[in-house]
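These notes concern the structure reproduced below.
Each value in this text was obtained by applying a stated rule to the coordinates, not by laboratory testing. As the structure is a prediction and not an experimental result, all values here were calculated from the model. Neighbour counts are summed over all protein chains in view; Cβ atoms, including those assigned to glycine, are modelled from backbone coordinates with ideal geometry.
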Amino acid sequence: MYVSSFDCLCKLYALTRVTIVSLRRHKPLNADLPEYNVDSDLEMIGYTLARWADGGWDAVDKADADGKLFGIMIVQDRWQRPVLLFRNDWKAEGVATEEKYLELKPWSKPPMFE
């Protein structure tokens, strides 16, 4: 089973927004509020492409320290593997070509199948 870039981007979008959104507690239960009884705001982030860095966190840290990942959001999937979010295909192809040690892939297998 493969996890597509689009599926990961949608899931990462939801996960990253949870960490950025401010949550306010409401004392009375209100039927108009979502499941956890908190308000939240969902905002679009400008990233359209996800790539897994099979080179691992050491490779991502090296590229980031060298300034090669400027404008790229570094996140992790549910198994704590590095995922890079790009704004366009041109930037993704450039990084993949110049920084081969990152081993960028448009998909990833769940750990039980690796």
**Message:** Out of everything in region 72-81 that is in contact with a strand residue (DSSP E or B) (Cβ under 8 Å, 6 or more places away or on another chain) and part of a loop (DSSP other than H, G, I, E, B), what residue ends up being farthest from Tyr47 (Cα to Cα)?
**Reply:** Arg81
**Asked** Which one of these is buried (at least 17 other Cβ atoms within 10 Å of the Cβ), out of contact with any Ser or Thr (no Cβ under 9 Å at 6 or more places or on another chain), without any contact (Cβ under 8 Å) to a residue 60 or more places away in the chain and in a loop (DSSP other than H, G, I, E, B): Leu84, Leu69?
**Response** Leu69
**Request:** Return the total of residues in region 92-114 being in contact (Cβ under 8 Å) with a residue 40 or more places away in the chain, part of a helix (DSSP H, G or I) and of a type in the set (D, E, K, R).
**Result:** 0
